[in-house]
Structure formats: structure tokens, C-alpha cells
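The next block holds one structure in the form of C-alpha cells; read it before the comments.
Throughout, read-outs are computed from the coordinates displayed, never taken from laboratory work. On a predicted model such as this, the values are computed, not experimentally measured, just so you know. Because the Cβ atoms are built from the backbone with ideal geometry, glycine has one as well, and the counts that use them run over all protein chains shown.
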Amino acid sequence: MESDRIMLSGAKQKDHVRVDRFVTDKRGRKVAAIIDIEELNRIEEILEDSSDLKVIRDRVAEPAEDYEVYSRKRKARLGV
């Protein structure tokens, strides 16, 4: 049986998910998908990368903190 593909939201063509089989309810509606464990691992990597990129985008606007200022604040917090 040829695998179906579903696309991750906002993903590129290469980020399609390879679905081996769908589980359907009594009315024939798809309620679950069966995927290979390697495909699951690939999806997890895509989601982690996406999360990392969001954090980077969110932090780009933050002002860079001078290392010495950071170091003094850290020492003060630690009581050193």
C-alpha cells in the first residue's frame, strides 16, 4: 500500500509526514494515523528546530547585555 502524506502547518515540501495507515471511525472519518518510528523522530526534530527558531526570533529584539554587567549581576545573585 502506498503511503499517504500530510503536511505540517507552515512547513516546506520536504516536511511532509509519511503516514503508513489511517485509523477510521464507523463513519469512515480519519481519527488517527500510524507512522513509522523513524518518521516520528524526524517530526520531533522538526518541532524542536521550529521551537528553537521561535526563541531566537523572540530574543533578537532584546538588548545585548555587556558581559561585565552580566558577571556582576550573577556574582551579586550568588553572593560572591
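Please enumerate the residues belonging to the stretch 26-80 that are basic (Lys, Arg), more than 18 Å from residue 16 (Cβ to Cβ) and not in a helix (DSSP H, G or I).
Within the stretch 26-80, 26, 27, 29 meet the criteria.
Restricted to the stretch 29-80, and to residues that are exposed (fewer than 10 other Cβ atoms within 10 Å of the Cβ) and among the basic types (Lys, Arg), which residue is nearest to the chain's Cα centre (by Cα)?
Of everything passing the filter in the stretch 29-80, 57 is nearest to the chain's Cα centre (by Cα).
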